[in-house]
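The structure appears below as C-alpha cells.
Computed from the coordinates by the stated procedures, all read-outs in this text should not be read as laboratory data. What you see is a predicted model, and the numbers here were worked out from it, not measured in a lab. Quick reminder, even Gly has a Cβ in these numbers, built from the backbone with ideal geometry, and neighbours come from all protein chains shown.
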Amino acid sequence: MSNRPGKTDVILIGAGVMSATLGALLQELAPEWEIKVFEKLSTAGEESSNEWNNAGTGHSALCELNYTSEKPDGSIDINKALKINEQFQLSKQFWSYLINKDLIRQPQDFIRPLPHMSMVIGEKNVDFLKRRFDLLSNQLLFQGMEYSDNTEKLKEWMPLIMEGRSSNEPIAATKIDSGTDVNFGALTRILFNHLESKGVEMNYNHSVEDMKRTSDGLWEVKVIDLENEKIEYHTAKFVFIGAGGGSLPLLQKTGIPESKHIGGFPVSGLFMVCNNPAVIAKHHAKVYGKAKVGAPPMSVPHLDTRYIDNKKSLLFGPFAGFSPKFLKTGSNLDLLTSVKPNNAFTMLAAGVKELPLTKYLIQQVLLSNEKRMEELREFIPEAKDEDWDIVVAGQRVQVIKDTEAGGKGTLQFGTELINAADGSVAALLGASPGASTAVHVMLDLIERCFPHYIEDWQPKIKEMVPSYGISLVENPELFQEIHASTTVALGLGEELPVYS
Ligand SMILES: Cc1cc2nc3c(=O)[nH]c(=O)nc-3n(C[C@H](O)[C@H](O)[C@H](O)COP(=O)(O)OP(=O)(O)OC[C@H]3O[C@@H](n4cnc5c(N)ncnc54)[C@H](O)[C@@H]3O)c2cc1C
C-alpha cells in the first residue's frame, strides 16, 4: 500500500488484545504501512482483555471439558480439543518470535507455567473423565497428562479442594503441567508499547462513532476526541473493528451485506476472589469442573491460581449473568439499539429459542452471596465467607445468526470473523475461545483481507509462526521442536518467584 497525505493505510478500532495482535503482525509484514489506533478508554486492555475481566486461561483444552463433548452414541469427540490446542501453539510461537527478536521482553510479565486440571465428581463423570484421558493422553499435544481417582494422589495435586471433603462420591482428576496462566491485559499493553515505539499512532480517549465508504473506496471513520470534545474524520484503506462488545454496532454502521441478519446476546460475569494469603498459597493450578445441566459453556466453574501484578491470586467463577450492556463500560441501551430492521427476526427467533438460557442467566444474577459460596464449597468444602470478595468480570457478546443447522436466530458460542467481500473492513464478534487464539484469528483475517499479499508474506509468516499451515497433530517432530523452543523463549520450563 502506498501512503497518501492525510490518509492512513490501516485503522484499528479498539485497543484490546485482538487489535494489538493484528497490529503486531502487520507491523512485521508491512513495516512501511501507517497504522492508527482509536480507543475510547484512557489506556489499552481495559475491557475484556483486562486481567481482572477474563480468566487468563491459555485455552488448549488441557482442562476445559467443553472441548471434548460426548456424542449420542457415548463416544467422545476430541477434534475440537486438538484444534484449540493447535491454535494456542500459534500464539505461543508468535510471542516467542517477538521475544527472540527483542521486540518485547520479560515473558513472565504475561505468561507463566501453571498445571491445568479437570476435576469431576460422581460415577458417570468419573467414567467420562477416564475415557477422555485415555483418548487425549495418546495424543502428542497432550503428552504428560496424568489421571487419578486415588484420594491420596488427589490430596497431593489439589490439597485445598480435598481438605475437609467428606462425601463418599467417586472423585477423579487429570493433571498436565504444560498449562499456562496468561495475563492478557499485560500482553495487550506490552504489544501496544512495542507498536508505539515503531511509530503506530495511539489515540486514547477517542471513540469511533460512525463509518462510511467514500467514493474512492476508502473507509471514513468519524471519531470523537472525548478529552477535547472535538469531532475528527480519518480515512483508511483497511479498517479492523476490534472493539470487543462494541464491534457489532460499528459493523452495523458499515452497511456491508455481511453485517446483516446478525445480532448479539450479552452475557455478564462475576468472579469470586480470595483475600486470604494462606488459602491462596495452598492452591497451585487451574482446576476446571463440569458445567451444570442447562448452563451455558462459558459458565463452567473453575478455581484458578492467577499471576496478576507479579502477585499470586486465587479466583473462582465465572458466574454468568444477564446485563443489556455490550461492554463493561457500555450503556443499558446497547442490546435494544442493536436491533435493526434487518436483524429483528433473527433476534426475535433467538429470544424465543433461548428463553431457558435467559431465565438461567437472570437466575444467576439474582444469586445471593450465600448461594455463590455454596457453589464455591463444591470446590473448596471449607471455604469461609470472609475470605472471598466479588469482582465484576468482562461482558461477552455472543453472536446470534441464522444458520443451516440451527435455523433462524441461533446463538453461537464461538468467535466470528466477519469481513467485506473486498477485504477492506473486518470485525471480530463473539468471545470464545477468545484471547488465546488471537494469533490464529488474526492470521485468518490476513488471509481473507489481504489475499494479494499472502504469497509475498508467506516466508515472514513462517518465520514468525513456523507451524503456519502445517498440522502439528500430523507432524510430531515439528511439534516437539516448537514445544521445546517456545518453552525456552517464554520461560515456561521454570517457576519464577512471585510476591504473595
Ligand atoms: C468472563 C470472561 C472470561 C474469559 N476468559 C478467557 C480465558 O480464560 N482465556 C481466553 O483466551 N479468553 C477469555 N475470555 C475472552 C477474552 O477476554 C476476549 O476474547 C478478548 O479479550 C477479546 O479481545 P478484544 O480485543 O476483541 O476485545 P476487548 O479487550 O474488549 O477490547 C475492545 C476495545 O475496544 C474499545 N472500544 C469499544 N467500542 C469502541 C469505540 N466505539 N471506539 C473506540 N474504542 C472502542 C473498548 O474500550 C476496548 O478497549 C474471557 C472473557 C470473559 C468476559
Asp177 and Ser148 label points (each 7 Å along its Cα→Cβ direction) are spaced in nm at 1.3 nm
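Pull out the extension gain between Glu227 and Ser166, defined as 0.36 nm times the separation in residues minus the alpha carbon to alpha carbon distance; nm, one decimal. Write out the running numbers ahead of the final one.
Working: separation 61, 0.36 × 61 = 21.96 nm, distance 5.80 nm.
My answer for the length gained is 16.2 nm.
State the extension gain, in nm to one decimal, for the chain segment bounded by Val293 and Glu474, taking 0.36 nm per residue of separation less the distance between their alpha-carbons.
Taking Val293 through Glu474 to full extension adds about 61.7 nm, to one decimal.
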Could you give the length gained by full extension between Glu494 and Lys359, i.e. 0.36 nm per residue of separation minus their alpha carbon distance, to one decimal place? 44.1 nm
What is the ratio of the Cα radius of gyration of the chain to 2.2 N^0.38 Å, with N the residue count, to two decimals? 0.97
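What's the FRET efficiency of Glu32 with Gln458 using the Cβ-Cβ distance as r and R₀ = 25 Å, to the nearest 0.05?
Numbers: r = 18 Å, r/R0 = 0.73.
Working from the Cβ atoms, E equals 0.85.
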Spacing of the two label points (7 Å from each Cα toward its C-beta) at Asn275 and Ala344, in nm: 4.9 nm
Starting from the Cα of Lys212, draw a straight line to each of the aspartates and glutamates and keep only those under 13 Å, dropping any in the same chain fewer than 8 residues away. Glu220
Order these by the 10 Å Cβ neighbour count, fewest first: Lys130, Lys290. Lys130, Lys290
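Is it possible to state the helix-based mean residue ellipticity at 222 nm for the chain, with each DSSP H run of 4+ residues giving -39500 (n - 2.57), the sum divided by total residues, to the nearest 500 deg cm²/dmol? What is it?
On the way: 15 runs with 158 residues, N = 500.
Calculated at 222 nm, the ellipticity per residue is -9500 deg cm²/dmol.
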Assuming R0 = 56 Å, what is the FRET efficiency of Thr235 and Leu366, from their Cβ-Cβ distance, to the nearest 0.05? 0.75
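Using the number of other C-beta atoms within 10 angstrom as an exposure proxy, rank Met18, Met202 with the fewest first. Before the final figure, lay out each step's value.
Numbers: Met18 29, Met202 19.
In increasing order of surrounding Cβ atoms, one gets Met202, Met18.
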With +1 on each Lys and Arg Cβ and -1 on each Asp and Glu Cβ, how big is the dipole of the chain about its Cα centre, in debye rounded to the nearest 20? 820 debye
For Lys311, counting only lysines whose alpha-carbon sits under 19 Å away and dropping same-chain residues fewer than eight positions off, the answer is Lys282, Lys286
To test your reading of the geometry: what angle, between 0 and 90 degrees and rounded to tens, separates the Cα axis of helix 476-489 from the longest principal axis of the chain? 80 degrees
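Using a Förster distance of 35 Å, how high is the FRET efficiency between Leu336 and Asp444, based on the Cβ-Cβ distance and rounded to 0.05?
Details: r = 32 Å, r/R0 = 0.90.
Efficiency, rounded to the nearest 0.05: 0.65.
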